[in-house]
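The values are calculated or read from the model by the stated rules, or taken from the named source; none is laboratory data. All values derive from a computational prediction rather than experimental measurement. Positions of Cβ are backbone-derived with ideal geometry, glycine not excepted, and every protein chain shown enters the neighbour counts.
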Amino acid sequence: MEIHDKYDLSFFDVTGNCNLRCPFCINDWSTISGNTHVNERTLENVLKLLPLLNSFYLSCYFEPTIHPDFESIIKAIPVEHSKKVLFTTNLSRKLTDGVIEALSNSGFNYINVSLDSLNPEVFEKMRKGARFDVFYDNLRRLTEAFSVNHGAPPLRYITMLNRHNIDEIPELIENCASNYLSTMNELRTIVPMAHIDKGWIKENDITDERRAALWERLFNFPHKWMFVDYGKRTEYDEFFDSLEDPGEKMIYFVPPFIGLRISSEGIAQLSHMGIESRYDINKMDDPYGVFKEILALHSLDVERARELKKNHEEKLKIIEEKNEIITDKNTAISIRDTSIANLTIEREALTNDKYNLAAEMATIKATYFYMLSQNDTKGIWRSFRHSVGKLLFKNNSALKSSIKKFLHLGK
Ligand SMILES: C[S@@+](CC[C@H](N)C(=O)[O-])C[C@H]1O[C@@H](n2cnc3c(N)ncnc32)[C@H](O)[C@@H]1O
Ligand code: SF4
């Protein structure tokens, strides 16, 4: 049995809101109001979990730089765990020099900067509420500070592919690599969440041809880039959809990773367990102990799900094999049925022919006997007539002709 001694991924958010309202945002802003900036005590409790985590998103769903104490939060990460830490930012709230310096010395694994375009007009269209000059000033100061510090975290850039920036992508990647310390450009499709305006998605969609043309150009590109396609449905989506319908409900799910999502209020959810798993970290005296215990239970869950899946797949395989045999037999039966049907038709045709022939034969026979009988009568009559004639009309030809005339006879 594989023992999980760590959560693979942990998504924490130091804030619960954002300074922007991007039209494609994964968050449904109509359901989110107010904001809780993580407080010192909650942060302390969350950071106690670090030994149990393989990687730790300091911020994922919201915007971390709007936290008034972001600098202190960065500095609060124990150095022995800093290599697990990463986060994503829109870089559109003016960063203080203190935050830039703290980030530069943080030892974090890497930092993602969302950058959809270096064209101010396209940028501001995508990042609703942002000002390109503020973003650009942050980018310039951040990269200047990082470029003179060998230990500064690597920078990655995330770009939401869309109709307005697709032609700019090769140049954007080149620019990020040459001027803004990019170690990776991530190109993403948009997760088509139900709350995102369908009209906007349609208007910003890219044709497969344009995307293919882009891959063609990027194929031999010297800079690192990757494409993440969120358009595809995963086993994860299918599992959660299946829970909606009791008839379709799947009994197992092997998560791609064991993960935690922790809100800025300190509410933790187990990423593969869905809805009902909510734990308030603030109420725990020993968050490390509690989540270690939960991890052990997770491991059992995952192991059991794996067994069920294996069993299920084996049964499915047997059912498929049986189905193949049944199909072969059905084909053989249908071939035989066709040939029986054909033979029956042939037999009926032959039987009909036989009866027709017999009937014809009977007619022929009857005609033949009739003819025979006719011939015989004629013969008897003829010889009778001959003998009587001979007897009566010998040497009396006048009598013979008058009687013949009377009787309407020939010779
Ligand atoms: C949810 S945001 C939070 C961090 C920060 N506010 C930002 O935008 O950079 C994290 C990343 O997800 C991207 N993102 C937002 N909505 C998305 C969607 N519907 N599909 C895919 N990625 C999305 C953002 O562009 C950003 O790079
Ligand atoms: S900046 Fe990030 S969190 Fe804010 S609205 Fe845009 S995508 Fe959403």
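Restricting the search to region 125-154, which residues are of a type in the set (A, V, I, L, M) and closer than 21 Å to Lys75 by Cβ? Matches in region 125-154: Leu142, Ala145, Val148, Ala152. Mind checking which residues of region 2-29 are surrounded by fewer than 12 Cβ atoms within 10 Å (Cβ to Cβ) and within 15 Å of ligand 1 (Cβ to nearest atom)? Passing the criteria: only Asp28. Of the set (1) in contact (Cβ under 8 Å) with a residue 24 or more places away in the chain; (2) of a type in the set (Ser, Thr, Tyr); (3) surrounded by fewer than 20 Cβ atoms within 10 Å (Cβ to Cβ); (4) away from ligand 2 (no atom under 16 Å from the Cβ), all apply to Thr42 but (3).
A quick yes/no check of all residues on (1) in contact with a Phe, Trp or Tyr (Cβ under 8 Å, 6 or more places away or on another chain); (2) under 18 Å from Ile267 (Cα atoms); (3) of a type in the set (Ser, Thr, Tyr):
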{"site": "Cys25", "(1), (2), (3)": "no, no, no"}
{"site": "Leu43", "(1), (2), (3)": "no, yes, no"}
{"site": "Lys48", "(1), (2), (3)": "yes, yes, no"}
{"site": "Glu71", "(1), (2), (3)": "no, no, no"}
{"site": "Ala76", "(1), (2), (3)": "no, no, no"}
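Of all residues in region 1-27, those that are farther than 24 Å from Phe135 by Cα and within 16 Å of ligand 2 (Cβ to nearest atom) total 1. All conditions but one from (1) away from ligand 2 (no atom under 16 Å from the Cβ); (2) crowded, with 17+ Cβ neighbours inside 10 Å; (3) over 36 Å from the mean Cα position of the chain (by Cα); (4) of a type outside the set (Phe, Trp, Tyr) apply to Val85; the one that does not is (3). Against the numbered list (1) within 15 Å of ligand 1 (Cβ to nearest atom); (2) at positive phi, Gly34 comes up short only at (1).
Can you tell me which of Phe257, Phe253 is crowded, with 16+ Cβ neighbours inside 10 Å, within 29 Å of the chain's Cα centre (by Cα) and of a type in the set (Phe, Trp, Tyr)?
None of the other options fit; the residue is Phe253.
Taken as a whole, the condition of being surrounded by fewer than 13 Cβ atoms within 10 Å (Cβ to Cβ), among the hydrophobic types (A, V, I, L, M, F, W, C) and farther than 24 Å from Val113 by Cβ does not apply to Ala305. Glu121 - would you say it is outside any strand (DSSP E or B) and over 21 Å from His223 (Cα atoms)? Yes.
Pairing each residue of region 74-96 that is free of Cβ contacts under 8 Å to residues at least 40 places away in the same chain and under 23 Å from Asp116 (Cα atoms) with any residue that is within 16 Å of ligand 2 (Cβ to nearest atom) and assigned to a helix (DSSP H, G or I), provided the two are 6+ apart or on different chains, yields C-beta distances under 8 Å for Phe87/Pro64; Thr89/Pro64; Thr89/Thr65. Being modelled with pLDDT of 90 or more and part of a loop (DSSP other than H, G, I, E, B) is the filter; apply it to region 191-205 and report the residue that is surrounded by the fewest Cβ atoms within 10 Å (Cβ to Cβ). Among those that are modelled with pLDDT of 90 or more and part of a loop (DSSP other than H, G, I, E, B), it is Ala194.
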